[in-house]
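Below is one structure, written out as structure tokens, with a few remarks after it.
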Amino acid sequence: MSIAEIDLHSALKKYFGFSEFKGLQEEVIKNVVAGNNTFVIMPTGGGKSLCYQLPALIKEGTAIVVSPLIALMKNQVDAIRAVSEHEGVAHVLNSSLNKTEVKRVKDDITNGITKLLYVAPESLTKEEYVDFLRTVKISFMAVDEAHCISEWGHDFRPEYRNLKTIIKRIGDDIPIVGLTATATPKVQADILKSLGMPNAVTFKASFNRPNLYYEVRPKTKNVDADIIRFVKQNEGKSGIIYCLSRKRVEGLAQVLQVNGIKAVPYHAGLDAKTRVKHQDMFLMEDTDVVVATIAFGMGIDKPDVRFVIHHDIPKSIESYYQETGRAGRDGGEGHCLAYYAYKDIEKLEKFMAGKPVAEQEIGHALLQEVVAFAETSVSRRKFILHYFGEEFDNETGEGGDMDDNVRHPKKQVEAQDDVKM
Ligand code: ADP
Ligand code: MG
């Protein structure tokens, strides 16, 4: 190991307590430390945060981290502070700070104490902040959840669109690090373009999840009974069941309970206390199943989720991948079962009706991919990875036989109430 590598390893140990880098982390970090524009594409849980946190801690100046989620920023700041000598090592700059607090943040930055400054994109549009940041040494700019910049991503945020202009105003030659778990080639191209870094060195980890088994079943009126049977066959195991609507969530949770299954509902219509309670029950294994809308899952880190069921098909392959990705984090079994009927696609199409035309077109195109996925007779894994721009060979690739179409090639999955297209 070179001196630089030893330094990186000792910093990894010192600040994060880890002995080894995960996946591409070390290469990414070297590239960020070298001051290059960097683009990092890794699945959720891949360890993207460290790719900017560690360089920020060892480089001169302050790194600005843009992230859309205030709760996650706070978590990261707390974690970094816990292992540093000075509380000012990391700060969040947002609209909730009073004058005194803002002054303290500015002082810490000016005095070279702050290595990581987290900002929500909308705060970064404030003249006052931009003017201040122009006057201090910025090591680099990290744009986390960079797919928010793209209308083709699953979480478009208009504030992200202005980032390039703002970065330019803060400093002309600030290196940019974009990070995302969205692997579609379209979104990637959008990110590179919008952040104005066509020359970025790109690091892309594989999105293959070899321990997950993918299965799609036609959705009939017996879907609830089918789910009950499945859950009973997997008694005592933890699972998530996603439904489209709050009403379905409540209904299905009740049906499961009546059938002797430990299940709780979770959706944004429940009050915060109930949500936290149900989430904790799941983490503490006081319940086996959470029936939820997509409101459930962000930041939930339960390693032994053994199944993820989609009662209703999601609106894009990316959503499907994210949601099924919550199964088998520990590397153990993870059964991903989706129910599909074409009329559910029509329902999703209807939801988009009031939206701007451009958004509808994108939504429609994403849904067509979902239809293709649900109706395909090729390997589900191959399909998903191809969607993410990755070639997969079922003969040689890990998990090559882990989907219904490979295991039972004769079965054609078709929605029973399919309509002419
Ligand atoms: P992402 O942003 O890619 O979804 P995170 O940065 O949140 O992933 O990291 C996911 C988990 O991996 C965290 O619990 C983190 O502590 C852990 N992690 C990151 N790097 C390492 C490492 N080198 N060794 C062990 N665990 C790691
Ligand atoms: Mg992350």
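Nothing in this text is a laboratory measurement; each read-out follows from the coordinates by a stated rule. Predicted model, so just to flag it, every value in this text is computed and none were measured. Reconstructed Cβ throughout: ideal geometry from the backbone, glycine too, with neighbour counts over all protein chains shown.
Below is a table of values for the structure above.
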quantity	calculated
Test: residue in the stretch 212-226 that is under 13 Å from I41 (Cα atoms) and loosely packed, with under 15 Cβ neighbours inside 10 Å	no
Matching option when the condition is outside any loop (DSSP other than H, G, I, E, B), touching a strand residue (DSSP E or B) at 6+ places or on another chain (Cβ under 6 Å) and closer than 26 Å to E369 by Cβ, among F296, F282, F307	F307
Residue count for the stretch 156-211, restricted to those that are among the β-branched types (V, I, T), under 22 Å from Q53 (Cβ atoms) and out of contact with any strand residue (DSSP E or B) (no Cβ under 7 Å at 6 or more places or on another chain)	2
Residues of the stretch 15-59 that turn out to be touching a residue at least 40 places away in the same chain (Cβ under 8 Å), within 16 Å of ligand 2 (Cβ to nearest atom) and in a loop (DSSP other than H, G, I, E, B), as a count	7
Verdict on I166 being closer than 30 Å to S206 by Cα, surrounded by 15 or more Cβ atoms within 10 Å (Cβ to Cβ) and in contact (Cβ under 8 Å) with a residue 40 or more places away in the chain	no
Residue among A56, A63, A34 that is small (G, A, S), surrounded by 16 or more Cβ atoms within 10 Å (Cβ to Cβ) and more than 14 Å from ligand 1 (Cβ to nearest atom)	A63
Which listed residue is surrounded by fewer than 23 Cβ atoms within 10 Å (Cβ to Cβ), among the β-branched types (V, I, T), within 22 Å of Q322 (Cα to Cα) and touching a residue at least 12 places away in the same chain (Cβ under 8 Å), from T182, T202, T125	T202
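Matching residues to (1) in contact with a strand residue (DSSP E or B) (Cβ under 7 Å, 6 or more places away or on another chain); (2) more than 23 Å from Q188 (Cβ to Cβ); (3) of a type in the set (K, R); (4) not in a loop (DSSP other than H, G, I, E, B):
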site: K13; (1), (2), (3), (4): no, yes, yes, yes
site: G88; (1), (2), (3), (4): no, yes, no, yes
site: L97; (1), (2), (3), (4): no, yes, no, no
site: E101; (1), (2), (3), (4): no, yes, no, yes
